[in-house]
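The values are calculated or read from the model by the stated rules, or taken from the named source; none is laboratory data. Keep in mind that this is a model prediction, so the values were computed, not measured. Note: ideal-geometry Cβ built from the backbone for every residue, glycine included; neighbour counts use all protein chains shown.
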Amino acid sequence: MIIDNYSWSNRLLIMITDEGENKLEKCVKEFFAQYESEIKDRKLKLLHFFVNDLPIKELPSVMHTKKGIWLIGYDGSIKAYSEDTRLLINLFELIDSMPMRREELGCR
């Protein structure tokens, strides 16, 4: 699976859209450009798929029919999902509350 390529080295934000659905794609890419250093610090990677892409079948089955954005942790599990950009509002706080992130920051 695609997620396995990033396990234990990166967190993922997986975006799934219809082709030509530019609003969500544009907002997410602007977010990544605006917060580049924060994203790099949290080892977050963006993967974008279109609903009809063949590689989407390599994602967990729950993602095959849902459009939106998914936060995937180091362990490859789904941590959060949003059909729109709402996930981005609390993305850093959500990541920073995760046990492995707290360990990275030296918190106990």
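Only one of the numbered conditions (1) at pLDDT below 95; (2) of a type outside the set (Ser, Thr, Tyr); (3) outside any helix (DSSP H, G or I) is not met by residue 79, and that is (1).
Scanning the range 64-73 for residues that are surrounded by 14 or more Cβ atoms within 10 Å (Cβ to Cβ) and over 11 Å from the mean Cα position of the chain (by Cα) returns a single hit, 67.
Based on what the data block shows, is residue 78 buried (at least 17 other Cβ atoms within 10 Å of the Cβ) and in contact with a strand residue (DSSP E or B) (Cβ under 9 Å, 6 or more places away or on another chain)? It is false that residue 78 is buried (at least 17 other Cβ atoms within 10 Å of the Cβ) and in contact with a strand residue (DSSP E or B) (Cβ under 9 Å, 6 or more places away or on another chain). Within the set of pairs 6+ apart or on separate chains, which have a first residue in the range 1-24 that is surrounded by 13 or more Cβ atoms within 10 Å (Cβ to Cβ), a second that is of a type in the set (Asp, Glu) and not in a helix (DSSP H, G or I), and C-beta atoms under 8 Å apart? Filtered contacts from the range 1-24: 7/75; 24/84.
Within the range 90-102, is there a residue that is in contact with a Ser or Thr (Cβ under 7 Å, 6 or more places away or on another chain) and not in a loop (DSSP other than H, G, I, E, B)?
To start, the set of residues in the range 90-102 that are in contact with a Ser or Thr (Cβ under 7 Å, 6 or more places away or on another chain) comprises none.
Within the range 90-102 (the criterion being in contact with a Ser or Thr (Cβ under 7 Å, 6 or more places away or on another chain) and not in a loop (DSSP other than H, G, I, E, B)), the answer is no, since none of the residues qualifies.
Exactly one residue out of 47, 54 is among the hydrophobic types (A, V, I, L, M, F, W, C) and within 18 Å of residue 7 (Cα to Cα), and it is 47. Among the residues of the range 36-63, those identified as outside any helix (DSSP H, G or I), over 14 Å from the mean Cα position of the chain (by Cα) and farther than 18 Å from residue 84 by Cα are 52, 53. For the range 39-52, the tally of residues that are surrounded by 15 or more Cβ atoms within 10 Å (Cβ to Cβ) and in contact with a helix residue (DSSP H, G or I) (Cβ under 8 Å, 6 or more places away or on another chain) stands at 7. Evaluated against (1) modelled with pLDDT of 95 or more; (2) touching a Gly at 6+ places or on another chain (Cβ under 9 Å); (3) not charged (D, E, K, R), residue 39 falls short on exactly one condition, (2). In the condition set (1) touching a Ser or Thr at 6+ places or on another chain (Cβ under 6 Å); (2) at pLDDT below 95, residue 68 is compliant with all but (2).
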